[in-house]
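**Q** Encoded as structure tokens, here's the structure I'll be asking about.
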Amino acid sequence: MAVERTLSILKPDAVGKNAIGQIIARIESAGLQVVAARMTHLTQGEAEGFYAVHSERPFFGDLVKFMISGPVMVMVLEGENAVATYRDVMGATDPKKATAGTIRADFADSIDENAAHGSDSLDNAKNEIAYFFRATEICPRTR
Ligand code: RTP
Ligand code: MG
């Protein structure tokens, strides 16, 4: 296994529930490190650009509206197999199908408001990280 980086977004519902700390605790317990982090309130253009791959899907409008409904926390996570590890920690897209103990099972209310985003491939992770962070904002561990 290789050390990877992935992009995480704690979505407006999770931030609104004041669950940032509880979710980061699960990320750290899974062996992933937060190497960059920032609070931001996405503009419509930023949300549309981020989810551009879904622009033709019927849920796109609602997805963008939700993503700009409140502040989010964007993070870069680093660790062994980080892309797949974080997808496991998040659980299935639909919280009703997510394994107990995952972020979405425990903090999400619906498939539309599902608490967290995680990159779905290493290539997408690289692009998504660059969408939100400059290289100098990423701070890998030195000890
Ligand atoms: P994300 O990108 O947010 O990490 O979620 P994901 O990979 O698990 O799911 P994806 O297929 O990329 O979909 C992005 C977001 O769109 C909403 N969605 N709604 N109503 C629907 O059938 C549906 N399908 C997807 C979800 O909020 C999902 O997180
Ligand atoms: Mg996705």
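The values are calculated or read from the model by the stated rules, or taken from the named source; none is laboratory data. These numbers come from a predicted model, not from an experiment. For neighbour counting, all protein chains shown are included, and Cβ atoms are generated from backbone atoms with ideal geometry for every residue, glycine included.
**Q** If you take the residues of the range 76-134 that are part of a helix (DSSP H, G or I) and hydroxyl-bearing (Ser, Thr, Tyr), which of them is surrounded by the most Cβ atoms within 10 Å (Cβ to Cβ)?
**A** TYR86
**Q** Quick one: would you say ALA14 is small (Gly, Ala, Ser), modelled with pLDDT of 95 or more and buried (at least 19 other Cβ atoms within 10 Å of the Cβ)?
**A** Spelling it out, ALA14 is indeed small (Gly, Ala, Ser), modelled with pLDDT of 95 or more and buried (at least 19 other Cβ atoms within 10 Å of the Cβ).
**Q** Give the range 16-49 a look and list any residue that's in a loop (DSSP other than H, G, I, E, B) and of a type outside the set (Ser, Thr, Tyr), or say none.
**A** LYS17, ASN18, ALA19, ALA30, GLY31, LEU32, HIS41, LEU42
**Q** Oh, and also: Within the range 50-75, which residues are more than 15 Å from SER119 (Cα to Cα) and in a loop (DSSP other than H, G, I, E, B)?
**A** SER55, GLU56, ARG57, PRO58, PHE59, ILE68, SER69, GLY70, PRO71
**Q** Can you list residue pairs whose Cβ atoms sit under 9 Å apart, with the first residue in the range 117-137 being at pLDDT 95 or above and of a type outside the set (Gly, Ala, Ser) and the second being exposed (fewer than 15 other Cβ atoms within 10 Å of the Cβ) and part of a helix (DSSP H, G or I)? Count only pairs 6 or more apart in sequence or on different chains.
**A** The qualifying pairs are ASN124/VAL53; TYR131/GLY49.
**Q** With the requirement that a residue be within 12 Å of ligand 1 (Cβ to nearest atom) and touching a Gly at 6+ places or on another chain (Cβ under 8 Å), what does the range 50-88 give you?
**A** VAL83, TYR86, ARG87
**Q** Within the range 41-55, is even one residue of a type outside the set (Ser, Thr, Tyr), surrounded by 20 or more Cβ atoms within 10 Å (Cβ to Cβ) and either modelled with pLDDT under 95 or more than 21 Å from SER121 (Cα to Cα) (or both)?
**A** Yes, that holds for at least one residue.
**Q** Could you figure out which of (1) touching an Asp or Glu at 6+ places or on another chain (Cβ under 6 Å); (2) under 21 Å from GLY91 (Cα atoms); (3) part of a strand (DSSP E or B) isn't true of ASP13?
**A** (3)
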